[in-house]
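Down below is the structure, laid out as C-alpha cells.
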Amino acid sequence: FYSSFVLLLPFCLLGGYLFTLLSSAFSWEEKVNRTGKVYGFESLGSMAGGAVFNFFLVYFLNTYQSLTVIMAVNLLAACYTSLFILKGRWKYAIPLLSCICILVMILSGLEERTLNDQYRDQEVVDHQETPYGKLVVTRTGDQLNLYENGVVLFTTNDIAMVEESVHYAMIQH
C-alpha cells in the first residue's frame, strides 16, 4: 500500500494538475472551451505510453526502474508546462520539486526496502524481474525459498515436501 501510494502520488497529482492547467490554458488562449481537445491529446498520450510500456519498459527494465522513468517523464512534462505557463516565483517551484522527487526515487533504494519488508525474517538472496513474473530467492537458516510473484514455488531442506514427493513414487510402484 505504502509503496503504491508513494509511487503513484506524483503521477496522480501532476496528471490531474496538467489536465486542468492545459484545459484552462487552451480555453483561455482561444476564448473557447477546449477541454475536449486536451482530452484528445491526453488519450493519444495514454495510447503512446501504453505502447512504450508494453513493448519496451516491461522487457528491458524492472518495476521500479519503469516507474522511475514514467515518473520522470511526467515530472518533465510538468516542468515544461510550468515554465511556459505559470508566472512569477511559482514557475520554478514545480521544476525544483520534480528534481527532488526524481533524486529521492533514484537514491532511496525503495526496491530493496520493499523486498525486505515483504520477506521479513528472511534474507533476500537474489531477485529477478521477468516479463512473466518476479522471482525472489530468500534464505531462512540453511533453507532456500523460491517465490514467484510472492507465492512459494519450492524450498530446499523441507523434509515434509520431500517426504510427500517420495510417497507419489511409492504409490505408483
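The values are calculated or read from the model by the stated rules, or taken from the named source; none is laboratory data. Not measured: the values here are computed from a predicted model. Neighbour counts run over all protein chains shown; Cβ positions are idealised from the backbone, glycine included. Protein only, heavy atoms only, side chains kept; ligands, DNA and RNA dropped before computing areas. Shrake-Rupley method; radii C 1.70, N 1.55, O 1.52, S 1.80 Å.
Listed values for the range 81-90 are Karplus-derived 3J(HN,Hα) couplings in whole Hz (6.51 cos²θ - 1.76 cosθ + 1.60, θ = phi - 60°), namely 5, 5, 5, 9, 10, 6, 10, x, 5, 5, and x replaces Gly and Pro. Maximal additional length on extending the Lys31-Phe84 stretch stands at 17.2 nm, based on 0.36 nm per residue less the C-alpha distance.
How much of the accessible area of the chain, probe 1.4 Å, is carbon plus sulfur, in whole percent? Spell out each step's value before the answer.
On the way: 8330 of 12510 Å².
Carbon-and-sulfur percentage of accessible area, whole number: 67.
For the chain, the number of Lys pairs separated by eight or more positions or lying on different chains, with C-alpha atoms closer than 29 Å, is 4. In this rough spin-label picture, where each label sits 7 Å from Cα along the Cβ direction, the Asp158-Asp121 distance is 1.6 nm. With the simple spin-label model, which puts each label point 7 Å out from Cα in the Cβ direction, the Tyr17 to Ile100 separation comes to 1.1 nm.
What length, rounded to one decimal in nm, is gained on full extension from Leu146 through to Ser46, with 0.36 nm per residue of separation minus their alpha-carbon distance? Write out the running numbers ahead of the final one.
On the way: separation 100, 0.36 × 100 = 36.00 nm, distance 3.56 nm.
Length gained, Leu146 through Ser46: 32.4 nm.
Select one label from [x] 1.28; [y] 1.12; [z] 1.19: the one whose number is Rg/Rh (Cα atoms, Kirkwood Rh) as derived from the coordinates shown. So the structure-derived entry is [z]. Overall, the anisotropy analysis places the range 18-89 in the oblate class: the square-rooted eigenvalues a ≥ b ≥ c of its C-alpha gyration tensor yield a/c not less than 1.5, with a/b not exceeding b/c.
Close amide-amide hydrogen proximity is noted between Arg34 and Ser27, each under 5 Å apart and 5 or more residues distant or on a separate chain (H modeled in the peptide plane; Pro and chain starts excluded).
For the range 23-137, the relative contact order works out to 18 percent when only alpha carbon pairs closer than 8 Å and six or more residues apart are counted. Once the Cα atoms are used to define both axes, helix 159-172 deviates from the longest principal axis of the chain by about 60 degrees. The helix-based estimate of mean residue ellipticity at 222 nm for the chain, built from -39,500 (n - 2.57) per DSSP H run of four or more residues and divided by its residue count, is -21000 deg cm²/dmol to the nearest 500.
Leaving out ligands and nucleic acids, note down the accessible area per residue over the chain with a 1.4 angstrom probe, in whole Å².
Ligands and nucleic acids excluded, the result is 72 Å² per residue.
For the range 10-15, backbone phi angles converted through the Karplus equation (6.51, -1.76, 1.60; θ = phi - 60°) give residue-by-residue couplings of x, 4, 5, 5, 6, x Hz, Gly and Pro being listed as x.
Calculated FRET efficiency, Ala93 and Phe1, Cβ-Cβ r, R0 22 Å, to nearest 0.05? Spell out each step's value before the answer.
Values: r = 28 Å, r/R0 = 1.29.
The formula returns an efficiency of 0.20 here.
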